[in-house]
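Note sheet for the following structure.
The values are calculated or read from the model by the stated rules, or taken from the named source; none is laboratory data. Computed from a predicted model, the values in this text were never measured in an experiment. Don't worry about glycine lacking a Cβ; one is built from the backbone with ideal geometry, like all the others, and counts go over all protein chains shown. Side chains are part of the model used for accessible areas, which takes the heavy atoms of the whole protein and leaves out ligands, DNA and RNA. Shrake-Rupley method; radii C 1.70, N 1.55, O 1.52, S 1.80 Å.
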Amino acid sequence: MGLVEFTDIIPDYYEKSFQFSVEPDFVERSRSCRTFVNDWSIEMDDFGEILRDSFGRFSNTLSKNYPSAGGLYPILPLVYIFNKNVLKGVDIKGCYLFNSTQFELILLKEYSEQSIEEVKKQINPTDSFLFSNIAIGYAIDLKRAITKYRKRGYRYALIEVGAMCQSFRESISKFNNLGDFCFAGFNDNALTYLSGLNPRLAPVALIQWFGEKNDV
C-alpha cells in the first residue's frame, strides 16, 4: 500500500505536456482527523449554524451550498447522536434528519444502550467502536435521484454526497478546534435500518465523523 498512497496516476503514454510557472509548494489548509476528544460537546446554535451553512437553502434562490443535478437534492442529511451530552439541548440519543425547510432535527429512531451496541457492530464491523459521539450521515433518496435522470441519477447522487461532505468540512473549519473524516466501512443495509430508514428506498452511503480534534 505504501507504493500507491499519496501518489497520483499519470498515463504511461500521452502526446504533450505544458509546465506551469507557479510555485508547486502548497500548504495544507485542512486534513482528515481520526481521533476526537471524548467528552466534547457543542452548543445547539453553533451546530445549527454549521448545518445551515452546510445543507441549508439560500433564502434568495432556494439552492444550497453545493451543486445538485437538476436541483433535485436527493441526499438526506442525517445526524447521529450517540451521547445525550454531546449536543446541548438534545438529550435523546438516536438518528435524526436535518429538515432544511423548517430548520429542525427530526428524530427518525431513538437509541437505547442496547441499540447503540448494535449500531457499533454495524457501523464499524472490524473494531466495533464509535470514533466520535456524533456524526453526519448521507442517505440517498433513490426515487428522487432517478426521477429526472433515470439510472444516471445514482451517479449524480454519489457525486452530490462528495460535494456535501466538502460543504460540511468547510463549515466546521470556522471553528478552529473541529475536525472530521469520512467513513464507508459499515454494513449498508443494517446501518440504514438502524437509522430508521428503508434500505431499498434510502440507503446510507457515507458517514462523516466529526468533533473536537484530539490529534493536533
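Cut-off 16 Å, label point 7 angstrom out along Cα-to-Cβ of R31: give me the residues of segment 199-213 whose amide nitrogen falls inside. Inside the label zone: 213. The value of relative contact order for the chain, using C-alpha pairs under 8 Å at least six residues apart, is 26 percent.
Heavy-atom surface analysis with a 1.4 Å probe gives the chain a carbon and sulfur content of 50 percent of its accessible area.
When the chain is treated as a Gaussian network with alpha carbon springs shorter than 10 Å, the biggest mean-square fluctuation among V22, V161, V119 belongs to V22. In terms of Cα to Cα distance under 25 Å, which lysines are near enough to K64, apart from those fewer than 8 places away along the same chain? Qualifying lysines at Cα under 25 Å: K143, K148, K151, K174. In the chain, the ratio of gyration radius to Kirkwood radius, Rg to Rh, stands at 1.00 when only Cα atoms are counted. For the chain, adding -39500 (n - 2.57) for each run of n ≥ 4 DSSP H residues and dividing by the number of residues yields -8500 deg cm²/dmol at 222 nm. Accessible area per residue for the chain, computed on protein heavy atoms with a 1.4 Å probe, is 63 Å².
The Rg/Rh ratio of segment 1-69, with both radii computed over alpha carbons and Rh defined as the Kirkwood radius, is 1.14. Applying the criteria of a DSSP loop state and at most 15 other Cβ atoms within 10 Å to the trypsin sites (Lys or Arg not before Pro) of segment 137-215 yields R150, K151, K174, R200. For segment 65-111, trypsin sites (Lys or Arg not before Pro) meeting the loop criterion (DSSP other than H, G, I, E, B) and having at most 15 other Cβ atoms within 10 Å: K84, K88. Between the helical axis of 44-55 and the longest alpha-carbon principal axis of the chain there is an angle of about 40 degrees. Under 12 Å of direct C-alpha separation, and excluding same-chain neighbours fewer than eight residues apart, K93 reaches these aspartates and glutamates: E110, E113.
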